[in-house]
Amino acid sequence: MSAAEVGQHIINILSLGSTYALLALGLALVFGVMGLVNFAYGELVALTGYTMYLMTTHGVSWGVAAACGIAFATIASLLMERLAFRPLRGASFLTLLFASFALSVILQNVFRAAISPRTKGIRGPDLLIESIKIGPLTISWMSVVTILVGAACLIALTMFMRGSLAGISMRAAAENFSVARLMGVKANRVIALAFVISGLLAGIAGVLWVSRSGSVAPAMGFVPIIKAFIATVIGGLGSLPGAVLGGFVLAAAEIFFIVILPTSVQPFSDPFALLMVIAILYFKPNGLLAPVSERV
Amino acid sequence: MTVFARIVPSRYLRAVIRSATPLVLVLVAVLAVGMILAPDGRGASYRLLVNFLITVVIVVALQMFTGNSGIVSWGHAAFVGIGAYATAWFSVPPVIKEDIFPGLPSWMMTAEMGLLPCLLIATLVGAGAAAVIGVAICRMKETAMAMSTLALLVVAHGIYSNWEGWTRGTEGVYALPVQTDIYVACVFACLAVVLALMFKYSRVGLRLQASREDPLSAEATGVSVVRARYVAWVASAAMSALAGSLWAQFNLAFGPAQFYYAQVFAILSMLVIGGLATVSGALIGAALTNVLFEILRGVENEGDFFGIEVPEINGLAQMVLALITLLILIFRPNGLMAWWELDGWLVKAKERYWRGGRRPALDASKKEEV
């Protein structure tokens, strides 16, 4: 394999990995503060896609549609918390997981009934389809934009979580919810905030996802949620750096198998990547960067 | 009761028999209804009842693992699929097999087996696959385990859709012989219920339930949580594969889409609605959900709900089921049956309604959730 090819693959890993990392972060944030693995998170990605689809087909420009998509995902995430998860505050992991699964099915069927059960195409801006040549490398603008957006989000989120009072209280709540409340952190506010940021990340990742695939479908949320779920578990559920690392590890595993497998077994690259993930979990059952303190 | 105790000296068996009797009676009643409605073994209602009985096996199998261990498995649909495909490999007539499964080795190519050998093979294949996968999965933490079963579902779907020579990919399999009828389905549903109860009251089952309530305390009192989970995992996967085999030999044609997201959701909802912790809950959840699905499917197709016009909505049945699941989780998080098997529940109901509303003496221990 030549150096140029390796470079190409690294760029692919970075671009795919930053999408996964964004998705995983949104999931990990909510898990941190309320112990919920939000299965309906994938539907926020789908909601972003459908908002963009409806607006672009009605003549709104792509940029405005994308901004509205992100806004809608954020609002929907907040509504989800209010309507479905607040009554379940303090329920077991299993109950919360089932509830979010049910919610995800409801939303999928709303898309199916309200818009169309079929896959619909979205035309992205022309710029994203083109690519640039740097020496021997051909890089699509899509990858460049994805990597830049991913990096910007990660930096912004890190600054927010480390620097602002809200971010610090969120980290405290993730570490120990009851003690954080004793220190004056408002439970409702910190959970709502986690859902807002989670929705924002889902929206941003959704825009990237939809521009990459160029289509929306009612069940499209399933793939992103699985990737995010897996990435958070590889990294260690509850750890934010872990979620980012997990996203990149998953992307690397996927690209690796696409590259090394012969074309005849190419369709099996995803199963192989997942098996590798299970193998990682066999040796590190708590994930790569699991929180140190054992919850008793 | 003393006579009962004298006939069956083992307390364990008495508990199993006591809990199994009402459930088996319900299943036999379903059989009786089937024989009255469709004595010739044809028609929509017959198909509905047989599929219901097979669904009972699938849900009860999942209850064995998820109910006792408290760990959700999305992966059991994969084992149902393994059972179905294994059955197809050994029961489709060889002439057609050459066409649809070109990858099979010659000894499998010529095989054309009856009901029981097919069920046996499917169960063994399912158990074998689960035994291998379980080694990795059962060591993990609860949350990671749930995720890995989801990964398992995706992996299995990927294999079923792409392994052309053995599964015919997304085009699907056809031409299985009809070998399951209502009697077979009823016998295996009863068997599943009895086995699940035997497991629940057995030593390893009790250990597993202890680990569901508190893994750390269970471990501290000497329970090997990993081993208990492993046993339940393999047993319930084997039963799922058996159910898959029964299902395949009744529905005769299937593809990878039959063992995926939508099915997993339906099965999990049945379990949640009825109540995870009990076998009776699995049975009752399956029954209610099936009735609901039939009514809603009628509404969906005919746009008519007991004379009220309803606009055509795609996926209405699924949506209503999801909504009910959500409401159950909010207002009755342990499911309709909660901690009661049907026998205990009947005793409770009798005390409450026949003796002037007295509270039952023995209250179900309330689970404290953290």
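Would you pull out the residues with amide H under 5 Å of A:Ser131's amide H, same chain only if 5 or more places away, H placed 1.01 Å from N?
A:Trp141
Between B:Met109 and B:Ser217, what is 0.36 nm times their sequence separation minus the Cα-Cα distance? Round to one decimal in nm.
Working: separation 108, 0.36 × 108 = 38.88 nm, distance 5.18 nm.
33.7 nm is the gain from fully extending B:Met109 to B:Ser217.
Based on DSSP H runs of at least 4 residues, each adding -39500 (n - 2.57), what is the mean residue ellipticity at 222 nm of the protein assembly as shown after dividing by all its residues, to the nearest 500 deg cm²/dmol? Before the final figure, lay out the partial values.
On the way: 29 runs with 469 residues, N = 666.
Mean residue ellipticity at 222 nm (helix-derived): -23500 deg cm²/dmol.
Once the other residues with Cβ under 12 Å from the Cβ of A:Val210 are scored (Lys, Arg +1; Asp, Glu -1), what is the net sum? Don't skip to the answer; put the middle values down first.
Details: positive: A:Lys120, A:Arg123, A:Arg212; negative: none.
Once positives and negatives cancel, what remains is +3.
Taking H placed 1.01 Å from N in the peptide plane, check which residues at least 5 places from A:Ser215 or on another chain put their amide H under 5 Å from its amide H.
A:Ile122
Under the Karplus relation 6.51 cos²θ - 1.76 cosθ + 1.60, θ = phi - 60°, what is the ordered set of whole-Hz ³J(HN,Hα) values for region A:160-165, x standing for Gly and Pro?
5, 5, 8, x, 8, 4
What is the distance, in nm, between label points placed 7 Å from the Cα along the Cα-to-Cβ direction at A:Ala3 and at A:Leu148?
The modelled label-to-label distance comes out at 2.6 nm.
Need one value for B:187-198: mean number of C-beta atoms belonging to other chains within 10 Å of its residues' C-beta atoms. Let's see the in-between values first.
Values: counts 0, 0, 0, 0, 0, 0, 0, 0, 0, 0, 0, 0.
Going residue by residue through B:187-198 and averaging, the value is 0.
Specify the longest stretch of chain B that does not include any exposed loop site, a site being one of the trypsin sites (Lys or Arg not before Pro) with a non-H, G, I, E, B DSSP assignment and at most 14 other Cβ atoms within 10 Å. Provide the component values of the computation, followed by the final result.
Values: sites that count: B:Arg42, B:Arg355, B:Arg358, B:Lys366, B:Lys367.
Longest run free of exposed loop sites: B:43-354.
Using DSSP to define loop residues, name the trypsin sites (Lys or Arg not before Pro) in region A:73-132 whose beta-carbon has at most 16 other beta-carbon atoms within 10 Å.
On the way: sites: A:Arg82, A:Arg89, A:Arg112, A:Arg118, A:Lys120, A:Arg123; in loops: A:Arg89, A:Arg118, A:Arg123.
For trypsin sites (Lys or Arg not before Pro) across region A:73-132 that sit outside H, G, I, E and B with at most 16 neighbouring Cβ atoms in 10 Å, the list reads A:Arg89, A:Arg118, A:Arg123.
What would the Debye equation give as log₁₀ I(q)/I(0) for chain B at q = 0.07, 0.13, 0.14, 0.15 Å⁻¹, counting only Cα atoms as equal point scatterers?
Normalising to I(0) and taking log10 leaves -0.32, -1.11, -1.27, -1.43.
What length, rounded to one decimal in nm, is gained on full extension from B:Leu191 through to B:Arg297, with 0.36 nm per residue of separation minus their alpha-carbon distance? Write out the running numbers ahead of the final one.
Details: separation 106, 0.36 × 106 = 38.16 nm, distance 2.99 nm.
Extra length available between B:Leu191 and B:Arg297 comes to 35.2 nm.
Collect residues whose amide H, placed 1.01 Å from N in the peptide plane, falls under 5 Å from the amide H of B:Val173; neighbours closer than 5 in sequence don't count.
Amide H to amide H, under 5 Å and 5 or more residues apart or across chains, B:Val173 pairs with B:Phe254, B:Gly255.
So how much accessible area does A:Ile258 have, in Å² to the nearest 10, using a 1.4 Å probe?
My reading of the accessible area for A:Ile258 is about 90 Å².
Write down, largest first, the equivalent ellipsoid semi-axes of region B:16-104 in whole Å, where each equals the square root of 5 times an eigenvalue of the alpha-carbon gyration tensor. Could you put the intermediate results ahead of the total?
Working: eigenvalues 175, 115, 19 Å².
The equivalent ellipsoid of region B:16-104 has semi-axes of 30, 24, 10 Å.
For peptide A:274-284, compute the average count of partner chain beta-carbon atoms within 10 Å of each residue's beta-carbon. It would help to have the intermediate numbers written out before the result.
Details: counts 8, 5, 0, 4, 10, 1, 0, 10, 6, 2, 2.
Per-residue shielding by partner chains comes out at 4.
Could you derive backbone 3J(HN,Hα) for region B:187-195 from the dihedral phi with the Karplus parameters 6.51, -1.76 and 1.60 (θ = phi - 60°), listing whole Hz in sequence and x where the residue is Gly or Pro?
4, 6, 5, 4, 4, 4, 4, 5, 4
With no solvent and one point per C-alpha, what does the Debye sum give as log10 I(q)/I(0) for the protein assembly as shown at q = 0.08, 0.10, 0.11 Å⁻¹?
Reported log10 I(q)/I(0), two decimals: -0.63, -1.00, -1.20.
What list of ³J(HN,Hα) values in whole Hz, one per residue of region A:98-110 in order, does the Karplus curve 6.51 cos²θ - 1.76 cosθ + 1.60 (θ = phi - 60°) give from phi, with Gly and Pro shown as x?
Listing the rounded values in order: 4, 4, 5, 5, 4, 4, 5, 5, 4, 4, 4, 6, 5 Hz.
Within 10 Å, at most 14 other Cβ atoms, and a DSSP state outside H, G, I, E, B define an exposed site. Report the longest part of chain A free of exposed GluC sites (Glu not before Pro).
Counting at most 14 other Cβ atoms within 10 Å as exposed, the longest clean stretch of chain A is A:131-293.
So how tilted is helix B:203-213 from the main axis of chain B? Cα-based, degrees 0 to 90, rounded to 10.
With rounding to tens, the tilt is 80 degrees.
Starting from a Cα-only point model with no solvent, please compute log10 I(q)/I(0) by Debye for region B:131-231 at q = 0.11 1/Å.
-0.58
For a distance above 15 Å, tell me the whole-number percent of Cα pairs in region A:82-150 that qualify.
Details: 1701 of 2346 pairs.
Percentage above 15 Å: 73.
Using 27 Å as the Cα-Cα cut-off, could you pick out the over-long pairs in A:Lys120/B:Lys97; A:Lys186/A:Lys284; B:Lys141/B:Lys200? Mind dumping the intermediate values first?
Details: A:Lys120/B:Lys97 37 Å; A:Lys186/A:Lys284 35 Å; B:Lys141/B:Lys200 22 Å.
Flagged as over cut-off: A:Lys120/B:Lys97; A:Lys186/A:Lys284.
Using alpha carbon centroids, what distance separates region B:230-292 and region B:28-65, in Å?
Rounded to whole Å, the Cα centres lie 13 Å apart.
The values are calculated or read from the model by the stated rules, or taken from the named source; none is laboratory data. Because the structure is predicted, anything quoted here is derived from the model rather than measured. Cβ sites come from the backbone with ideal geometry, for glycine too, and all protein chains shown count toward neighbours. Ligands, DNA and RNA are stripped out before the accessible areas are found, and what is left, the full protein with its side chains, is counted by its heavy atoms. Shrake-Rupley method; radii C 1.70, N 1.55, O 1.52, S 1.80 Å.
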